[in-house]
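K.L.:
Dropping a structure here in structure tokens format, bear with me for questions.
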Amino acid sequence: GVITSVARRWPLMIDPQGQANKWVKNMEGDNGLLLIKLTQSDYLRTLENAIQFGKPVLCENVLETLDPALEPLLVKQTFKSGGVECIRLGDATIEYQADFKFYLTTKLRNPHYLPELQVKVTLLNFMITPDGLEDQLLGIVVAKERPDLEEEKGRLVQESAANKKQLKEIEDKILEVLSSGEGGSILEDATAINILSASKVLSTEISEKQKIADETEIKIDEARNGYKPVAYRTSLLFFCIALLADIDPMYQYSLDWFIDLFIRAISDSEPASDLDARMENLNTYFQYFLYRNVCRSLFEKDKLVFSLLLCSSLLAGYDKLNSVEWRYLLTGGILLDASNLPKNPAPEWLTDKQWADINCLGQLEFAQGFADKFANQIGDFKAFIDHPEPYQAFDLLPAFTHVYSDFQKMLVLRTLRLDKLVPTISQFVANDLGQKYIEPPPFDLEGTFKDSTATSPLVFILSPGVDPMLALLKFAESKGRKVDSISLGQGQGPHAERMLKTGQKDGTWVVLQNCHLF
């Protein structure tokens, strides 16, 4: 469907994980695919050359609006001039080659394009699905843990396809024999009888082979399914970190980066002969490994939010979190009719807003009648509310709160002492995931370097007055590396490019200071 869409309209691909880029590059191969961005000053010149020479172009990271100069290209507004097909782009009229292809991708997870734009392009969603990612991760972990299974699985898939192809050829040959008979009985045609007999023997052999292959594939799938728990949990973790982009657009993580981390975790986690123990070791190791890597890229204020998001995503993935209660934690509740509220039982110390929140909590299924119980046992609740650390004083409340889960107790505290919600969240995450998930590791240059690759630069986002250059120079010295640095500014671009090329050739480290990221 994708290629058909390309033939009609240019595809605009929603691609937060970078999968569409890989698809375009693989499809175009070595046809000279050109990459442009609308933020480049000379992108129209590159586009003009590609149109004239029939080269494919990939325009990356577009936003919700496009440059009006692209309008003739989007609607393919070509015309004949001197017998040659042409198009007007910007101020230039250029020859239009039919081999030209144009692709657009956006990193936006949920873009809203105007109808005027949607009728000119074909929107394709390359956002990976949970089931698709789970299958991909299952293949990776089985290939690493049991390469024999994955190799046999691949062989059987190819063999099954070949068998089905042969059966189809046999059917076509039989139909050809039957249709080419010249009016006489087929039983009198020795050639036809021989073809039909040979086809039956071959068909029987192929069917037997396919039956054995199907039985073997079932056994392999049963063995592979033993690794499904780790694939499912890892898939939950990926979609958890994908949610961080809603907090800050800077927090975007590619699928390739995530899979590289997962492969490293498979190699570095503790082995075990028992499958269940091995899966537990891998889950535990990768979860904290991912937490450390993601925390390194977060602002301090967002690290506890990530811990809560990680905890809640896992609970929701295993059906241990009520979506209504989760929504109440995030946004609070709304009273549909505040005019019929019971009388405030303690107006001298309980505000009307607090009393309304208490009644609102009582709308949740687990807390039905909460306002009445609060009013009847006002003394116990006052002692709880006045406690300096109420999240550790639930024993002061009446016995009915002991049937609440830890998450539901957090909702009670959100209602009664909103100012103490942050330490309550910390305690909740520590109880569920462990103390280390509320203690973000300090920045470690050695560990950061170990987790990096030669093709992925390290980007330091600095607060005023902070300069990591001295620490970086000392670290480079300990590794026996030479460091070249340059402060970017007007006219420094060509010098920086030369420095990068030299570094790629000689293996030196290059530091670009005062970068502006877009």
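The values are calculated or read from the model by the stated rules, or taken from the named source; none is laboratory data. Quick caveat, the model's predicted, so the values are computed rather than measured. Cβ sites come from the backbone with ideal geometry, for glycine too, and all protein chains shown count toward neighbours. Remember, those area values only see protein heavy atoms, side chains included, never the ligands or the DNA or RNA. Shrake-Rupley method; radii C 1.70, N 1.55, O 1.52, S 1.80 Å.
K.L.:
Could you tell me which of the pairs Lys164/Lys200; Lys382/Lys420; Lys353/Lys420; Lys22/Lys482; Lys450/Lys474 are separated by over 23 angstrom between their Cα atoms in the structure shown? Could you put the intermediate results ahead of the total?
P.N.:
Numbers: Lys164/Lys200 15 Å; Lys382/Lys420 15 Å; Lys353/Lys420 17 Å; Lys22/Lys482 34 Å; Lys450/Lys474 16 Å.
The answer is Lys22/Lys482.
K.L.:
Once the Cα atoms of helix 469-478 and of the chain are each reduced to a long axis, what angle between those two axes, in degrees from 0 to 90 to the nearest 10, is obtained?
P.N.:
It is inclined by approximately 60 degrees.
K.L.:
Taking the alpha carbon gyration tensor of the range 279-328, what are the square roots of 5 times its eigenvalues, largest first, to the nearest whole Å?
P.N.:
21, 18, 5
K.L.:
Taking a cut-off of 15 Å between Cα atoms, list the aspartates and glutamates near Lys144, but don't count ones fewer than 8 places away on the same chain.
P.N.:
Lys144 reaches Asp135, Glu152, Asp260, Asp268, Glu270.
K.L.:
Collect residues whose amide H, placed 1.01 Å from N in the peptide plane, falls under 5 Å from the amide H of Lys76; neighbours closer than 5 in sequence don't count.
P.N.:
Amide H to amide H, under 5 Å and 5 or more residues apart or across chains, Lys76 pairs with nothing.
K.L.:
Kindly write out, for the range 311-327 in residue order, the coupling ³J(HN,Hα) from the Karplus curve 6.51 cos²θ - 1.76 cosθ + 1.60 (θ = phi - 60°), rounded to whole Hz, with x marking Gly and Pro.
P.N.:
5, 5, 5, 5, 4, 5, x, 9, 6, 10, 9, 7, 5, 5, 5, 4, 5
K.L.:
Next up: Taking only DSSP H segments of four or more residues, each worth -39500 (n - 2.57), what value at 222 nm results for the chain once the sum is divided by all its residues, to the nearest 500 deg cm²/dmol? Please list the in-between numbers first.
P.N.:
Details: 21 runs with 274 residues, N = 518.
After summing the helix terms and dividing by residue count, I get -17000 deg cm²/dmol.
K.L.:
To continue, here is another question. Could you work out what % of the accessible surface of the range 371-441 is carbon and sulfur, using a 1.4 angstrom probe and leaving DNA, RNA and ligands out of the count? Don't skip to the answer; put the middle values down first.
P.N.:
Details: 1630 of 3360 Å².
Here carbon and sulfur together make up 49 percent of the probe-accessible area.
K.L.:
Return one number: the angle in degrees, 0 to 90 and rounded to the nearest 10, between the long axis of the Cα atoms of helix 43-53 and the longest principal axis of the Cα atoms of the chain.
P.N.:
Between helix and principal axis, roughly 20 degrees.
K.L.:
Check the straight Cα-Cα distances from Lys25 and name the lysines below 26 Å, setting aside those fewer than 8 residues away within the same chain.
P.N.:
Lys37, Lys55, Lys76, Lys101, Lys107, Lys120, Lys501, Lys505
K.L.:
If you don't mind, there's one more thing I want to ask. Can you give the percent of C-alpha pairs in the range 269-394 whose distance is more than 20 Å?
P.N.:
Numbers: 5058 of 7875 pairs.
For the range 269-394, the share of Cα pairs beyond 20 Å comes to 64 percent.
K.L.:
Taking θ = phi - 60°, what integer Hz values does the Karplus form 6.51 cos²θ - 1.76 cosθ + 1.60 yield along the range 441-452, in sequence order, with x for Gly and Pro?
P.N.:
The phi angles translate into x, x, 4, 10, 5, 4, x, 5, 5, 5, 7, 8 Hz.
K.L.:
Give me the accessible area per residue for the chain, probe 1.4 Å, as a whole number in Å².
P.N.:
Working: 29840 Å² over 518 residues.
Roughly 58 Å² per residue, with all protein chains present.
K.L.:
How far, in degrees from 0 to 90, does helix 130-145 lean away from the longest principal axis of the Cα atoms of the chain, to the nearest 10?
P.N.:
For helix 130-145, the angle is close to 80 degrees.
K.L.:
Arrange the peptides 271-277, 297-303 so that the one whose residues have, on average, the most other Cβ atoms within 10 Å appears first.
P.N.:
297-303, 271-277
K.L.:
Counting only C-alpha contacts under 8 Å and six or more residues apart, can you give the relative contact order of the chain as a whole percent?
P.N.:
Worked out over the chain, it gives 10 percent.
K.L.:
Any idea how far apart Ser267 and Asp444 come out in nm if each label point goes 7 Å out from Cα toward Cβ?
P.N.:
Result for the modelled spin labels: 1.8 nm.
K.L.:
May I ask you to evaluate 6.51 cos²θ - 1.76 cosθ + 1.60, the Karplus curve with θ = phi - 60°, for each residue of the range 102-110 and list the ³J(HN,Hα) values in order in whole Hz, giving x for glycine and proline?
P.N.:
For the range 102-110, the Karplus-derived couplings read 9, 10, 10, 10, 10, 8, 5, 6, 9 Hz, x marking Gly and Pro.
K.L.:
Also, I was wondering about something else. Given q = 0.10, 0.12, 0.19 Å⁻¹, what are the Debye log10 I(q)/I(0) values for the range 5-156, with equal point scatterers placed on the Cα positions and solvent ignored?
P.N.:
Log-scaled intensity ratios, in q order: -0.45, -0.60, -1.17.
K.L.:
Moving on to the next point. Ignoring ligands, DNA and RNA, what percent of the accessible area of the range 459-518 is carbon or sulfur (1.4 Å)?
P.N.:
Exposed carbon and sulfur together represent 54 percent of the surface.
K.L.:
Which value, in Å³ per residue, describes the convex hull spanned by the Cα atoms of the chain?
P.N.:
Numbers: hull volume 160.5 nm³, N = 518.
Per-residue hull volume (Cα only) is 310 Å³.
K.L.:
Sticking with this one: Give the carbon-plus-sulfur fraction of the accessible surface of the range 97-178 in %, rounded to a whole number; probe 1.4 Å, heavy atoms of protein chains only.
P.N.:
Its accessible area is 54 percent carbon and sulfur atoms.
K.L.:
Additional query: If the range 92-161 were replaced by its equivalent ellipsoid, with semi-axes equal to the square roots of 5 times the Cα gyration tensor eigenvalues, what would those be, largest first, whole Å?
P.N.:
40, 20, 11
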